[in-house]
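Q: Got a structure here, written out as structure tokens. Questions coming.
The values are calculated or read from the model by the stated rules, or taken from the named source; none is laboratory data. Being a predicted model, the structure only gives us computed values, none of them experimental. For neighbour counting, all protein chains shown are included, and Cβ atoms are generated from backbone atoms with ideal geometry for every residue, glycine included. Side chains included, ligands, DNA and RNA excluded: accessible areas come from the protein's heavy atoms. Shrake-Rupley method; radii C 1.70, N 1.55, O 1.52, S 1.80 Å.
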Amino acid sequence: MASDPSLIIENATFYRMFFTCYDVPRTNYLLGTVQICQATSTSGDVTTFMPVHTGGGHSPEFNVQGLALLGRDGQWDELLESCFALKSTLSSMIHPDALYLLYYSGYMNTSSVGQMGFPASMGLAYSMDGYTFTRYQDEPVVRPTPGWYDNDAVYSPTMLFDPLDPSRLLMIYAAHCYFNCTTHGPGVTLIGAYTHDFVNWVKMPRPIIDINLF
């Protein structure tokens, strides 16, 4: 399985693609887990995966090709998906070795096939070389707001630097609310947010696109 791609164009002849992948055990594919993988390309159409990561899942029976970031057993980010990757020299403000940033949604494995996905928060990892990623902190950088549009999940971020303020990073993400939606009806909306330090995000007070419009 491969989904939710995020692309970094290094130059005219080298591309990085981060995506949601399925870490499958050799004995039972139904026990697989979703993680973040990476593939590279020099042409844009032929990809090269990072080496197969044996033992990268939740037991030595697991292996996945191109693993970039692995979920943590029993933690809020046990399963990972819908990432967004970016490269910026400003990333060094969170760590001297940070050149690449990888935002990802994470949640606990509450079902046998890992498809519940709620509640989901957003974490942050960094890398100097674009291959080996380290979590910035153990806790999420963006959490669901109880009773609000993202009460149940923060998913599918897309980001860009503000052309009017290059020090500000803008984000749009999919906000999921199905339970305890005290200010609106259940469903998925698009929410905007911004940060000046890659870690502390300010959510816009109202959705960019509201479920009531459809």
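Q: Looking only at segment 66-112, count every residue that is of a type in the set (Asp, Glu) and part of a strand (DSSP E or B) and tell me the total.
A: Total satisfying the criteria: 1.
Q: Is it fair to say Ile209 is buried (at least 16 other Cβ atoms within 10 Å of the Cβ) and among the β-branched types (Val, Ile, Thr)?
A: no
Q: Oh, and also: Hey, can you tell me all the residues within segment 119-140 that are open to solvent by 20 Å² or more (accessible area, probe 1.4 Å) and in contact with a Leu (Cβ under 6 Å, 6 or more places away or on another chain)?
A: Within segment 119-140, Tyr126, Met128, Phe133, Tyr136 meet the criteria.
Q: Out of (1) of a type in the set (A, V, I, L, M); (2) under 24 Å from Thr189 (Cα atoms); (3) open to solvent by less than 60 Å² (accessible area, probe 1.4 Å), what's the single condition that is false for Leu101?
A: (2)
Q: Are there any pairs, at least 6 apart or on different chains, whose C-beta atoms fall under 8 Å, with the first in segment 156-167 and surrounded by 11 or more Cβ atoms within 10 Å (Cβ to Cβ) and the second not in a strand (DSSP E or B), and if so, which?
A: That search, which allows pairs on different chains as well, returns Phe161/Ser88; Ser167/Leu90; Ser167/His196.
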